[in-house]
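Below is one structure, written out as C-alpha cells; comments come after it.
The values are calculated or read from the model by the stated rules, or taken from the named source; none is laboratory data. On a predicted model such as this, the values are computed, not experimentally measured, just so you know. Cβ coordinates were reconstructed from backbone atoms using ideal geometry, including for glycine residues, and neighbour counts include every protein chain displayed. With ligands, DNA and RNA removed, areas are computed over all heavy atoms of the protein, side chains included. Shrake-Rupley method; radii C 1.70, N 1.55, O 1.52, S 1.80 Å.
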Amino acid sequence: MRMLLIHSDYLEYEVKDKALKNPEPISDEQKKGRLDEVLAVFISVEKVDETNPDEVVEKAVKEIEDVASQVKAERIFVYPFAHLSSELAKPDVALEVLRKIEEKLKERGFEVKRAPFGYYKAFKLSCKGHPLAELSRTIVPEEAVSK
Ligand SMILES: NCC(=O)N[C@H]1[C@@H](O)[C@H](n2cnc3c(N)ncnc32)O[C@@H]1CO
C-alpha cells in the first residue's frame, strides 16, 4: 500500500464519471464532499496487500493515527487514489481495505469521510505547507517482507 498524507485547510471532491464498470454504489449526497482542517490520505492499495489485507489495514491505521497526532488533525479524509503504484490490488480487495480503514479510524474517535471508490472525481485541496504537511508511507504485509 502507498499512502500520500497531506495536512490541509480543506479537501473537497465532486464525482464526475465512472472509472470502473461497477463502481461503489453511492447516494446523491456522496456525489460531493468536503472536510475542513483535515488530514487527507490518498491511498493506492497494492497487489502485495492481497496476501494479508487485515494486517495492512492495521498498519495503515497506525501510521495514519501517528501522523494525525503529530499534526494535531482530528478529521481524516480517506481518498482512493490509483496513481501511487503500478501494481494495484483488485478493486474488490482495495474497496474492502479502504472501508476497514475508515471504520477503524472512526472507532478511534476521528471524524472520517471516505471519497467514493471507482469514479473520476474533481477535487480541490489546500495544503498547509508546514514541514509535516506532506508525507508518504509504504506499507507491506509481513510475509512479503520476509520473501
Ligand atoms: N483518481 C481517481 C481514481 O484513482 N479512481 C480509482 C479509484 O477510485 C478506484 N481504485 C481501483 N483500484 C484501486 C486501488 N487498488 N487502490 C485505490 N483505488 C482504486 O477505482 C478508480 C479507477 O481505478
Would you mind calculating the gained length between E142 and D92 on full extension (0.36 nm times residue separation, minus the Cα-Cα distance), in nm to one decimal? 15.8 nm
Restricting the count to DSSP beta bridges whose residues both fall in the chain, what percent are antiparallel, rounded to a multiple of 5? 75
Per-pair calculated FRET efficiency, R0 = 22 Å: R108 and K18 via Cβ, rounded to 0.05: 0.10
Taking the alpha-carbon centre of each part, the distance from the range 33-90 to the range 122-147 in Å is 7
By the mean-Cβ-within-10 Å protection proxy, highest first, 87-95, 1-9 rank as 1-9, 87-95
Could you work out the relative contact order of the range 1-118, using alpha carbon pairs under 8 angstrom and six or more residues apart, expressed as a whole percent? 34
Residues whose modelled amide H sits under 5 Å from the amide H of K121, counting only those 5 or more places away in sequence or on another chain, are K16
Please report, in whole Å, how far the alpha carbons of the range 1-108 spread along each principal axis, starting with the longest. 36, 33, 25
Sort 109-117, 122-130 for me by packing, meaning the mean count of neighbouring Cβ atoms within 10 Å per residue, highest on top. 109-117, 122-130
Directionally averaged projected area (convex hull, Cα atoms, the range 48-97), nm²: 3.9
Between K72 and N52, 0.36 nm times their residue separation minus their Cα-Cα distance comes to what? 4.2 nm
Fully extended, how many nm does the chain gain between K32 and C127 (0.36 nm per residue separation, minus their Cα-Cα distance)? 32.2 nm
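List the pairs from K16/K47; K32/K124; K62/K104; K32/K104 whose alpha-carbon separation is above 20 Å, in the order I gave them.
Long pairs (Cα-Cα over 20 Å): K16/K47; K32/K104.
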Here the range 9-19 yields Karplus 3J(HN,Hα) values (6.51, -1.76, 1.60; θ = phi - 60°; whole Hz; Gly and Pro given as x) of 5, 6, 9, 10, 9, 9, 5, 10, 7, 5, 10
With a 1.4 Å probe and every protein chain kept in, tell me what percent of the accessible surface of the chain is carbon plus sulfur. 48
